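J.: Please find one structure pasted underneath; my questions will follow.
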Amino acid sequence: MAKRKYPFHDRRPAREDSDSAAANRRDSANQVALRRNSSGAWEFVQPRCVQERELDLADVEEMLEADEIEIAREELRWLLDGCPDNMGVHFRLGDLALAEKDYRLARGHYGYAYQIGHKAIMRAKPPRHTGAWPPSVPRSAPANELFFAAGKQLVWCLKLLEKPELLHEVVEFLLACDPDDPDHLRALL
C-alpha cells in the first residue's frame, strides 16, 4: 500500500501556484518555523497570521467558557481563513470534535496541528545533515507545548480508531523530538 502524503487528516491543503513568487512569500510568512532559543533548544515560531489572531482566539476561549459552542466553532473556522497553519485553532476544533465523540474529525484536526509542526521540523533540516534527526525539540519549551499536546491527542484518537501503524509512527517521532517522554507515550508502544 502506498504511503499517503497527509496520513493524519483527511483534508489535503489547497494547491498553491508554484510560479508565483508572491504566493511563495505569503505561504512562508504563514508557516510555522523552527529556531534555536537562547538556551540552544529548538522551538516553534508561529507565523505572523497566528500572532494577528491571538485576541480573536482569546474571544473563542470566552465563548467556550460561556458554552457558546456553535458560535465558537464558526469563529474558529473563520480564523483558519487566510491562516490554515494555525495549530491552536486546529487543536481547539479537535477538542470540540473529541467532546462530541467524532473521533475521525478530531483525528483530522489534531493530525493537521501535528503535521504543521512535523513539517516545520523537517524543513529545518539542513542539507547533508549527518547528525541525529529530528533535533531535540523539548516539550518543556512553552512554544512547543501545542505541538506535543496535539500529538498526544492525535495518538489518543488513533488508538480509539484502531490505527496502530500511524499511532506508532507519531509516538516514535514525538519520542525522537523529546526522549524524556513527558507525556508517557512510550507506554503505548
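The values are calculated or read from the model by the stated rules, or taken from the named source; none is laboratory data. Predicted, not measured: the structure shown is a model, and the values here were computed from it. Virtual Cβ from ideal backbone geometry, glycine too; neighbours counted across all protein chains shown. Keep in mind that these areas ignore ligands, DNA and RNA; they rest on the heavy atoms of the full protein, side chains included. Shrake-Rupley method; radii C 1.70, N 1.55, O 1.52, S 1.80 Å.
J.: Can you pull out every residue in the stretch 115-127 that is open to solvent by less than 60 Å² (accessible area, probe 1.4 Å), closer than 16 Å to ASN86 by Cβ and either touching a Leu at 6+ places or on another chain (Cβ under 7 Å) or charged (D, E, K, R) (or both)?
T.: Matches in the stretch 115-127: ALA120 only.
J.: Do we have any residue at all in the stretch 118-125 that's more than 15 Å from GLU43 (Cα to Cα), over 13 Å from the mean Cα position of the chain (by Cα) and among the aliphatic types (A, V, I, L, M)?
T.: Of the stretch 118-125, the ones more than 15 Å from GLU43 (Cα to Cα) are none.
No: zero hits.
J.: Quick test of your reading of the structure: TYR112 fulfils all but one of (1) open to solvent by 50 Å² or more (accessible area, probe 1.4 Å); (2) over 18 Å from ALA176 (Cβ atoms); (3) of a type outside the set (A, V, I, L, M); (4) in contact (Cβ under 8 Å) with a residue 40 or more places away in the chain. Name the failing condition by number.
T.: It fails just one condition, (1).
Quick grid of which residues meet (1) farther than 19 Å from LEU167 by Cα; (2) hydrophobic (A, V, I, L, M, F, W, C); (3) at pLDDT 95 or above:
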{"position": "ARG73", "(1), (2), (3)": "yes, no, yes"}
{"position": "LEU80", "(1), (2), (3)": "yes, yes, no"}
{"position": "PRO84", "(1), (2), (3)": "yes, no, no"}
{"position": "ALA106", "(1), (2), (3)": "no, yes, yes"}
{"position": "TYR110", "(1), (2), (3)": "no, no, yes"}
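J.: Return the residues of the stretch 133-166 that are modelled with pLDDT of 95 or more and touching a strand residue (DSSP E or B) at 6+ places or on another chain (Cβ under 7 Å); say none if nothing qualifies.
T.: Passing the criteria: ASN144, PHE147.
J.: In the stretch 69-83, how many residues are open to solvent by less than 100 Å² (accessible area, probe 1.4 Å), on the phi < 0 side of the Ramachandran plot and not in a helix (DSSP H, G or I)?
T.: 1
J.: Here's a follow-up. Which one of these is β-branched (Val, Ile, Thr), outside any loop (DSSP other than H, G, I, E, B) and under 27 Å from GLY40 (Cβ atoms): VAL170, VAL89? Please lay out each step first, then the result.
T.: Details: VAL89 fails: under 27 Å from GLY40 (Cβ atoms).
VAL170 is the lone residue from the list that is β-branched (Val, Ile, Thr), outside any loop (DSSP other than H, G, I, E, B) and under 27 Å from GLY40 (Cβ atoms).
J.: With the structure loaded, tell me whether LEU55 is part of a helix (DSSP H, G or I) and open to solvent by less than 80 Å² (accessible area, probe 1.4 Å) or whether it fails that test. Give the derivation first.
T.: Numbers: part of a helix (DSSP H, G or I): yes; open to solvent by less than 80 Å² (accessible area, probe 1.4 Å): no.
Against the criterion (part of a helix (DSSP H, G or I) and open to solvent by less than 80 Å² (accessible area, probe 1.4 Å)), LEU55 does not qualify.
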